[in-house]
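The values are calculated or read from the model by the stated rules, or taken from the named source; none is laboratory data. Small disclaimer: the values here were computed from a predicted structure and weren't measured. Because the Cβ atoms are built from the backbone with ideal geometry, glycine has one as well, and the counts that use them run over all protein chains shown.
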Amino acid sequence: MNQMKVTKFWLGLEPMEVGTYSNVDPFVLQLIKEGVSLNTTGGVHKLKSGSDSEFEFSGSPTEKAILSWAVLELKMDMENLTKSCSILQVETFNSKKKRSGVLLRRNVDNQTISHWKGAAEMVLRMCSKYHDGFGISKDLDNETMLKFERIIQGMAASSLRCIALAYTKVTDEELEVEGDMNKMVVKDNGLTLLGLVGIKDPCRPGVKTTVEACQHAGVNVKMITGDNVFTAKAIAFECGILQPNQDTDETVVEGEQFRNFTHEERLAKVEKISVMARSSPFDKLLMVQCLKQKGHVVAVTGDGTNDAPALKEADIGLSMGIQGTEVAKESSDIVILDDNFASIVTVINWGRCVYNNIQKFIQFQLTVNVAALVINFVAAVSAGEVPLTAVQLLWVNLIMDTLGALALATEKPTKDLMDKEPVGRTKPLITNIMWRNLLSQALYQIVILLTLQFKGESIFGVTSKVNDTLIFNTFVLCQVFNEFNARKLEKKNVFEGIFKSKLFLGIVGVTLVLQVVMVEFLKKFANTERLNWREWIVCIGFAAVSWPIGFVVKFIPVSDKPLLDFLNFRKRY
Ligand SMILES: Nc1ncnc2c1ncn2[C@@H]1O[C@H](COP(=O)(O)OP(=O)(O)OP(=O)(O)O)[C@@H](O)[C@H]1O
Ligand SMILES: [Ca+2]
């Protein structure tokens, strides 16, 4: 796994090369170590000799990166340092303030000090002094402030996450003011800047292709992050969320900006926004809400507790199984066990496959129902008797419900599912294309079966009992052939990949065998007469026509506008 790593360190206005840390003033170095080791929620464990690495680090990825840098590069001794001070107050990191602080008292000289660590430009704003490399404390005037800001931007632009370390001494009087020991605050003004660290959060291999795959599938990928806007932009370019040379005026915003827009402005802009930086948990939630209001189906991925509100609000929340916090996992619908963003494509593909299979099944089932209903109704009204008996209809139901569902709903996802636009929230489950397919097939079946019903006896010169069996047999065989048609809703070649669907072929085979048994051997039970081979050929011939019909109707263009909208004139948007 690729982990976050500190790759840059600025002491005052000086960039420090790895290996030159021994030149740093010991006093400043000591303060940095103190700040890192005591102002953290992470931990360092010394491993027994013999293991690959000497230390093991725990905590959030950012904490781990800073701790490992301090231990391995600065030779920080965490254990000793924690013993040398007592902690009076802590302010834990939260996503809104993006900083953490601690108030501590040194055992040696009883000095009280507050340490801060957090998002660089935010901590910088709390500082009025800085230490240069020689340990000299200098005033932080406007000009130097600008220089620091530029350093931060420079680091961020090379996709580093910048964290600033700062401290200040707290006098006893300042402590006294607070009075009550329990209400002591970690002093957060007039700080002295100690240094800036740049943490590289490498883009996982494969993320770029995943983003491209999503975009190809009509899924708009947005990045909402707590990082600085420059870091966010750099990473977004790296992983393809922003295209090279793309204008970032409208596509990149900061959380605060977004929050301060009016509701209307937000709705107007939200679709264009690809990157939101320095966002709080509330901003993430707000973004999801806006997108949903615009009618989009929103999926959110997240790992942290700060993502929980957005994960919960989203239509589909996806959390990370390894790096994710319990709160995030609890708020999500799907946990990605391997933390791999590429799994999103799998999720989309399978989701679409299931939806598509349901559509195929519905189309298949509706055809049977419409045909059976009309045939029996017309025959009952005009001739006073129904061609399909109760047992026969039960048998037809068995093929279409149980076996049909098994055959059509178990088909595996295909690649072309990712070439389509997403279905969206308001599209009907039964599309016009499905209506076209199912009505044409049902119409054919009705015509052929009613012809048999009224003219079959004279055309084929058979008894009415045999004619009824002919009708029943043709009807069932029509469904079997139509089951193939149902495999593809839009494509003309319905046999594509048929040999990969072993279950489908198996079920069609079983259905045919059962039908033969039904007609030839279950005379009493199914009310059938035996058919000779000529009659079988006639039935199969009639049924097989549903293939060319299925092929031809696919040339008929249909409108995208849902059929029900044509019928329902009053419902205007
Ligand atoms: N342990 C920490 N101590 C101090 N500051 C931190 C720490 N972790 C993150 N930060 C700061 O907060 C910012 C990230 O904020 P936040 O955690 O709200 O966002 P996020 O989008 O969840 O980030 P992540 O990529 O870590 O999931 C970072 O850019 C960094 O400046
Ligand atoms: Ca996070």
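Could you check the stretch 301-326 and list, in sequence order, the residues that are out of contact with any Phe, Trp or Tyr (no Cβ under 8 Å at 6 or more places or on another chain), within 12 Å of ligand 1 (Cβ to nearest atom) and of a type in the set (Val, Ile, Thr)? Passing the criteria: 305, 325. Pairs meeting the criteria (first residue in the stretch 363-380 and in the same structural domain as residue 428 (by TED's automatic domain parsing), second residue of a type in the set (Val, Ile, Thr), beta carbons under 7 Å, at least 6 apart or on different chains) are 368/396; 371/446; 372/396; 374/446; 375/446; 376/386; 379/386; 380/386.
If you go through the stretch 135-150 one residue at a time, do you hit one that is surrounded by 14 or more Cβ atoms within 10 Å (Cβ to Cβ) and either within 16 Å of ligand 2 (Cβ to nearest atom) or part of a loop (DSSP other than H, G, I, E, B) (or both)? Yes, the stretch 135-150 contains a residue that is surrounded by 14 or more Cβ atoms within 10 Å (Cβ to Cβ) and either within 16 Å of ligand 2 (Cβ to nearest atom) or part of a loop (DSSP other than H, G, I, E, B) (or both). Looking only at the stretch 240-248, decide whether some residue is in contact (Cβ under 8 Å) with a residue 24 or more places away in the chain and surrounded by 22 or more Cβ atoms within 10 Å (Cβ to Cβ). Yes, the stretch 240-248 contains a residue that is in contact (Cβ under 8 Å) with a residue 24 or more places away in the chain and surrounded by 22 or more Cβ atoms within 10 Å (Cβ to Cβ). Of all residues in the stretch 11-60, those being under 18 Å from residue 165 (Cα atoms) and touching a Lys or Arg at 6+ places or on another chain (Cβ under 9 Å) number 12. The lone criterion from (1) closer than 23 Å to residue 4 by Cβ; (2) in contact with a helix residue (DSSP H, G or I) (Cβ under 9 Å, 6 or more places away or on another chain); (3) more than 16 Å from ligand 2 (Cβ to nearest atom) left unmet by residue 99 is number (3).
On inspection, residue 275 fails the criterion of being crowded, with 19+ Cβ neighbours inside 10 Å, within 16 Å of ligand 1 (Cβ to nearest atom) and in contact (Cβ under 8 Å) with a residue 60 or more places away in the chain. When 462, 447, 476, 466 are checked against the criterion of being without any contact (Cβ under 8 Å) to a residue 60 or more places away in the chain, in the same structural domain as residue 545 (by TED's automatic domain parsing) and aliphatic (A, V, I, L, M), 447 stands alone in meeting it. Do you know which residues across the stretch 1-15 are surrounded by fewer than 19 Cβ atoms within 10 Å (Cβ to Cβ) and more than 33 Å from the chain's Cα centre (by Cα)? Across the stretch 1-15, the qualifying residues are 13, 14, 15. Collect the residues in the stretch 423-436 that are touching a Leu at 6+ places or on another chain (Cβ under 7 Å) and not aliphatic (A, V, I, L, M), keeping them in residue-number order. Result: 428, 432, 435.
Residue 486 fulfils the conditions (1) among the small types (Gly, Ala, Ser); (2) surrounded by fewer than 23 Cβ atoms within 10 Å (Cβ to Cβ); (3) under 25 Å from residue 375 (Cβ atoms) except for a single criterion, (2). Per the conditions (1) within 16 Å of ligand 1 (Cβ to nearest atom); (2) over 25 Å from residue 232 (Cα atoms), the sole criterion not satisfied by residue 54 is (1). Screening the candidates 124, 104, 88 for the property of being over 11 Å from residue 39 (Cβ atoms) and more than 13 Å from ligand 1 (Cβ to nearest atom) yields one hit, 88.
Here is a yes/no grid of residues against (1) under 11 Å from the mean Cα position of the chain (by Cα); (2) assigned by TED's automatic domain parsing to the domain that holds residue 427; (3) within 16 Å of ligand 2 (Cβ to nearest atom); (4) within 26 Å of residue 489 (Cβ to Cβ):
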| residue | (1), (2), (3), (4) |
| --- | --- |
| 302 | yes, no, yes, no |
| 311 | yes, no, yes, no |
| 315 | yes, no, no, yes |
| 318 | yes, no, yes, no |
| 325 | no, no, yes, no |
| 332 | yes, no, yes, no |
| 336 | yes, no, yes, no |
| 357 | no, yes, no, yes |
| 360 | no, yes, no, yes |
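If you check residue 113 against the conditions, is it under 40 Å from the mean Cα position of the chain (by Cα) and surrounded by 14 or more Cβ atoms within 10 Å (Cβ to Cβ)? No, not satisfied. Kindly evaluate residue 95 against the criterion of being in contact with a Pro (Cβ under 7 Å, 6 or more places away or on another chain) and under 28 Å from residue 150 (Cα atoms). So residue 95 fits the description; yes. Selection over the stretch 281-297 of residues that are among the β-branched types (Val, Ile, Thr) and either surrounded by 21 or more Cβ atoms within 10 Å (Cβ to Cβ) or closer than 24 Å to residue 322 by Cβ (or both) gives a count of 1. Residues in the stretch 107-120 that are touching a strand residue (DSSP E or B) at 6+ places or on another chain (Cβ under 8 Å) and either of a type outside the set (A, V, I, L, M) or away from ligand 1 (no atom under 16 Å from the Cβ) (or both): 107, 111, 112, 113, 114, 115, 116, 117, 118.
When the helices (runs of 4 or more DSSP H) confined to the stretch 474-573 are screened for residues that are farther than 21 Å from residue 464 by Cβ and at pLDDT below 85, those reaching at least 3 such residues are found at 563-567. Looking at the stretch 173-193, is at least one residue surrounded by fewer than 18 Cβ atoms within 10 Å (Cβ to Cβ), outside any helix (DSSP H, G or I) and without any contact (Cβ under 8 Å) to a residue 40 or more places away in the chain? For the stretch 173-193, residues surrounded by fewer than 18 Cβ atoms within 10 Å (Cβ to Cβ), outside any helix (DSSP H, G or I) and without any contact (Cβ under 8 Å) to a residue 40 or more places away in the chain: present. Of everything listed in (1) at pLDDT 95 or above; (2) within 16 Å of ligand 2 (Cβ to nearest atom), the single unmet condition for residue 289 is (2). Does at least one position in the stretch 53-74 carry a residue that is modelled with pLDDT under 90 and at positive phi? The answer is yes; a qualifying residue exists.
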